[in-house]
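Asks: Here it is, the structure in full.
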Protein chains: 2
Amino acid sequence: MQKIGFRLQLKMATLDEYVARHSSVWPEMLEALSATGWTNYSLFLDRTDGTLFGYVETSSLQAAKEGMSRLEINTRWQAEMSHYFESLEGRNPDEGFTELEQVFFLA
Amino acid sequence: MQKIGFRLQLKMATLDEYVARHSSVWPEMLEALSATGWTNYSLFLDRTDGTLFGYVETSSLQAAKEGMSRLEINTRWQAEMSHYFESLEGRNPDEGFTELEQVFFLA
């Protein structure tokens, strides 16, 4: 199982709205994530500067991303989410995140 | 089990040294972390700006931190690590980290 850390930059003006949306993610979106191998998935926010950190466990990040990219529910969700992020350069949040380097692990 | 995300700022000049130290953490330090309840613990680095993102699972972060704070091995390890971090304001890295807000979770 891969342990993945990633990072995104939220717009400060809409932090509260982003958080509210994530307290009620569409059930079909949650089912799609589970079905494509996204497990033990957390998003963490630093409200001081809008940094968003993601942590997810999956057997293959590439397969998990490709699995979601083929689903219409994800296309709709990411289109709505893209308004909350800075500098995605035209990509959706789930394609434009910065994957981080795992430098330590203790089971 | 709590899912904890936290953040620290590394000095850019010594990133490689910090990473090298974490490929060979003292065995006694690893044992101490396990004994005080630090599990599934990852550190992730963003080399573009030295942001360090920590993820750990524990039944109580307060108990896990207090458990380590009482151990001499931790005092020695944190004293060596403190040189690699920015703006800890005199605190050790494991006391000075910024805990992040978990805004989403999917098991």
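The values are calculated or read from the model by the stated rules, or taken from the named source; none is laboratory data. This one's a predicted model, so the numbers in the text were calculated from it and none came from an experiment. Counting neighbours? That spans all protein chains shown, and the Cβs are built from the backbone with ideal geometry, glycine included.
Asks: Only residues that are surrounded by 17 or more Cβ atoms within 10 Å (Cβ to Cβ) and farther than 22 Å from A:GLU72 by Cβ: list them for segment A:29-51, please.
Replies: Correct list: A:ASN40, A:SER42, A:LEU43, A:PHE44, A:LEU45, A:ASP46, A:GLY50, A:THR51.
Asks: Here is a further query. Can you confirm whether A:TYR84 is in contact (Cβ under 8 Å) with a residue 60 or more places away in the chain, within 13 Å of chain B (Cβ to nearest Cβ) and not polar (S, T, N, Q)? Break it down into steps so the answer makes sense when it comes.
Replies: Values: in contact (Cβ under 8 Å) with a residue 60 or more places away in the chain: yes; within 13 Å of chain B (Cβ to nearest Cβ): yes; not polar (S, T, N, Q): yes.
Yes; evaluated as a whole, the condition is true for this residue.
Asks: Within the group A:ALA64, A:ALA32, which residue is among the small types (Gly, Ala, Ser), within 11 Å of chain B (Cβ to nearest Cβ) and in a helix (DSSP H, G or I)?
Replies: A:ALA32
Asks: Still on this structure: Determine the pairs where a residue that is more than 14 Å from chain A (Cβ to nearest Cβ) and surrounded by 13 or more Cβ atoms within 10 Å (Cβ to Cβ), located within segment B:89-102, has a partner that is assigned to a loop (DSSP other than H, G, I, E, B) and among the small types (Gly, Ala, Ser) with Cβ atoms under 9 Å apart, the partner being 6 or more residues away or on another chain.
Replies: Matching pairs, first to second residue: B:GLY96/B:SER87; B:GLY96/B:GLY90.
Asks: For segment B:61-88, name all the residues that are more than 23 Å from B:GLU17 (Cα to Cα) and surrounded by 13 or more Cβ atoms within 10 Å (Cβ to Cβ).
Replies: Of everything in segment B:61-88, those that are more than 23 Å from B:GLU17 (Cα to Cα) and surrounded by 13 or more Cβ atoms within 10 Å (Cβ to Cβ) turn out to be B:LEU61, B:ALA64, B:LYS65, B:GLY67, B:MET68, B:SER69, B:LEU71.
Asks: For residues in segment A:48-67 being under 17 Å from A:TRP38 (Cα atoms) and within 11 Å of the chain's Cα centre (by Cα), which is modelled with the lowest pLDDT?
Replies: Top of the filtered list is A:LYS65.
Asks: Hey, could you check segment A:35-56 for residues that are hydrophobic (A, V, I, L, M, F, W, C) and at the interface with another protein chain (Cβ under 7 Å from one of its Cβ atoms) and say which is nearest to B:ALA107 (Cα to Cα)? Please lay out each step first, then the result.
Replies: Of the residues in segment A:35-56, the ones hydrophobic (A, V, I, L, M, F, W, C) are A:35, A:38, A:43-45, A:52-53, A:56.
Okay, now just the ones that are also at the interface with another protein chain (Cβ under 7 Å from one of its Cβ atoms), so A:38, A:43-45, A:53.
Values: A:TRP38: 8, A:LEU43: 12, A:PHE44: 15, A:LEU45: 18, A:PHE53: 17 Å.
So, considering only residues that are hydrophobic (A, V, I, L, M, F, W, C) and at the interface with another protein chain (Cβ under 7 Å from one of its Cβ atoms), the one nearest to B:ALA107 (Cα to Cα) is A:TRP38.
Asks: Can you pull out the residues in segment B:1-14 that are in contact (Cβ under 8 Å) with a residue 40 or more places away in the chain, not basic (Lys, Arg) and not in a strand (DSSP E or B)? Talk me through it step by step, then tell me what you get.
Replies: First pass over segment B:1-14, keeping only residues in contact (Cβ under 8 Å) with a residue 40 or more places away in the chain: B:1-11, B:14.
If we keep only those that are not basic (Lys, Arg) too, we end up with B:1-2, B:4-6, B:8-10, B:14.
Passing the criteria: B:MET1, B:THR14.
Asks: A follow-up question, please. Give B:ARG21, B:ARG91 a once-over and let me know the one that is of a type in the set (Lys, Arg) and assigned to a helix (DSSP H, G or I). Don't jump to the end; show me each part of the working.
Replies: Details: B:ARG91 fails: assigned to a helix (DSSP H, G or I).
On inspection, the qualifying residue turns out to be B:ARG21.
Asks: What residue, of B:MET1, B:MET12, is out of contact with any Phe, Trp or Tyr (no Cβ under 6 Å at 6 or more places or on another chain), within 14 Å of another protein chain (Cβ to nearest Cβ) and either farther than 26 Å from A:VAL19 by Cα or not hydroxyl-bearing (Ser, Thr, Tyr) (or both)?
Replies: Working: B:MET12 fails: within 14 Å of another protein chain (Cβ to nearest Cβ).
Unique residue meeting the criteria: B:MET1.
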